[in-house]
Amino acid sequence: MAIDEVESYPMIAGDGPSSYAKNSSYQKALVEAARELINKNIANKLDLCSLKFDTDSCAFRIADLGCSVGPNTFIAVQTIIEAVELKYHAEHQNTSALEFQVLFNDHTDNDFNTLFRTLPPRKYFAAGVPGSFHGCLFPKSTLHVVHSSTALQWLSRVPKELINEKASESKRRNIQYTGSAKEVVEAKSAQFRNDMESFLNARAEELVSGGLMLISFPAMPDGTPVIDTIIGSILNFIGSCLIEMARMGMINEEKAYNFVVPMYTPTPKEMESIIQRNGYFTIETMCEMKNPMSHRTYSAEFNISHIRAAMEGLVLKHFGDDSVDKIFNYFTAKLADNPSVFDTKLKNMDLFICLRRISTD
């Protein structure tokens, strides 16, 4: 897949009350929940000797993919740096300071200004790397650790099968307003497999032999229908709201039926199959994480503000600026009347994976 084919819908920029920076507490909780797993995997799975890491000739390079605007990325990066320092000093009994370079990546239209304006006091060199992580972003064999949190569930594009203008209108209308219809799930699953293959191939080029990749994102328990998951429930809710609005003449009907959220949450078995088929990495850890926010109840305003922070760009591009407030206000009102959309009894899981680049020697 060529990088220029990738679609981009940035999170809400800035650090105001509606921004992603102020409405990503679930994502922040996931980053904090991963702290212990990151520490454990760096301590047990990162072999500094096999990395051929020489503090006299290079900095330890960390890339965070899908960094958005902060501050969650800063928490993850600091966790990784502290874990690497602890391991290095324990193994080498050396008190000399390590040099770190952190490479923050997201799409070219990400708000890097806010990201760098809000950088905390730090002991690492920071740089921004704009572009899609579905293609190569860094020189070969230059990264020691790659991190990504709550980003891989976003597809590189809406599957072509779901925007095929030659398909019958009735078929498109029947499948595209719901996130759990069989055709939608199959198309998204195929797109996700292609995206992950591109992602893994690119990281295999960029990571040094023995380098680690630490990733976390929402997933589905094995054997669980999409309709029984929180993500599936949310996508169905969004679709049904848009159809209601279209039937009341509030938004364009054709656009309502053709709106698809380019998101897919795989099962652990799917991820294992994709990684094993790729062949460039060993799976060192794959486990469910415990996000403390996943079993709590929140107000409609809280939930929709988080959805809007992540999806406003997508809604804006599809429906136009005049419809954005109208759509999210309608979502809020409907969710207040139907809070079961976020029922904590629905299946939900967050997956943590540690991969190690297979030696090329």
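The values are calculated or read from the model by the stated rules, or taken from the named source; none is laboratory data. The model shown is predicted, which means the values in this text are computed figures rather than measured ones. Note that each Cβ is placed from the backbone with ideal geometry, even for glycine, and that neighbours are counted across all protein chains shown. SASA here: full protein model, heavy atoms, side chains in, ligands and nucleic acids out. Shrake-Rupley method; radii C 1.70, N 1.55, O 1.52, S 1.80 Å.
Structure notes:
- Top-ranked residue in the range 142-197 [being of a type in the set (Asp, Glu) and within 19 Å of residue 229 (Cβ to Cβ); ranked as modelled with the highest pLDDT]: 186
- Number of the exception - residue 255 against (1) closer than 24 Å to residue 346 by Cβ; (2) open to solvent by 20 Å² or more (accessible area, probe 1.4 Å); (3) not in a loop (DSSP other than H, G, I, E, B): (1)
- Total residues in the range 308-361 satisfying the condition of being part of a loop (DSSP other than H, G, I, E, B) and either open to solvent by 50 Å² or more (accessible area, probe 1.4 Å) or touching a Lys or Arg at 6+ places or on another chain (Cβ under 8 Å) (or both): the figure is 8.
- Being assigned to a loop (DSSP other than H, G, I, E, B), free of Cβ contacts under 8 Å to residues at least 60 places away in the same chain and farther than 26 Å from residue 354 by Cα is a description that does not apply to residue 223.
- Residue list for the range 58-82, filter: under 17 Å from residue 43 (Cα atoms) and open to solvent by less than 10 Å² (accessible area, probe 1.4 Å): 60, 62, 76, 77, 79, 80, 81
- Number of residues in the range 269-286 that are open to solvent by 20 Å² or more (accessible area, probe 1.4 Å), within 18 Å of the chain's Cα centre (by Cα) and over 24 Å from residue 9 (Cβ atoms) equals 2.
Condition check ((1) farther than 26 Å from residue 21 by Cα; (2) surrounded by 20 or more Cβ atoms within 10 Å (Cβ to Cβ); (3) among the polar types (S, T, N, Q)) across all residues:
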| residue | (1), (2), (3) |
| --- | --- |
| 99 | yes, no, no |
| 102 | no, yes, no |
| 108 | no, no, yes |
| 113 | no, no, yes |
| 120 | no, no, no |
| 125 | no, no, no |
| 142 | yes, no, yes |
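- Matching residues in the range 206-242 - criterion: being farther than 26 Å from residue 345 by Cα and among the aliphatic types (A, V, I, L, M): 207, 208, 212, 213, 214
- Any hit, the range 346-357, residues being at pLDDT 95 or above and closer than 26 Å to residue 183 by Cα: yes
- If you go through the range 83-118 and keep only what is among the charged types (D, E, K, R) and closer than 16 Å to residue 47 by Cα, you end up with 85, 87, 91.
- Scanning the range 15-37 finds one or more residues that are in contact with an Asp or Glu (Cβ under 6 Å, 6 or more places away or on another chain) and modelled with pLDDT under 95.
- Residue in the range 86-102 that is assigned to a helix (DSSP H, G or I), touching a residue at least 40 places away in the same chain (Cβ under 8 Å) and among the aliphatic types (A, V, I, L, M) present: yes
- Condition check for residue 314: of a type in the set (A, V, I, L, M, F, W, C) and under 23 Å from the mean Cα position of the chain (by Cα): yes
- Test: residue in the range 229-252 that is of a type in the set (Lys, Arg), open to solvent by 10 Å² or more (accessible area, probe 1.4 Å) and in contact with a Leu (Cβ under 9 Å, 6 or more places away or on another chain): no
- Count - residues of the range 103-125 that are assigned to a helix (DSSP H, G or I) and of a type in the set (S, T, N, Q): 2
- Scanning the range 287-305 for residues that are buried (at least 17 other Cβ atoms within 10 Å of the Cβ) and in contact (Cβ under 8 Å) with a residue 40 or more places away in the chain gives 289, 291, 294, 305.
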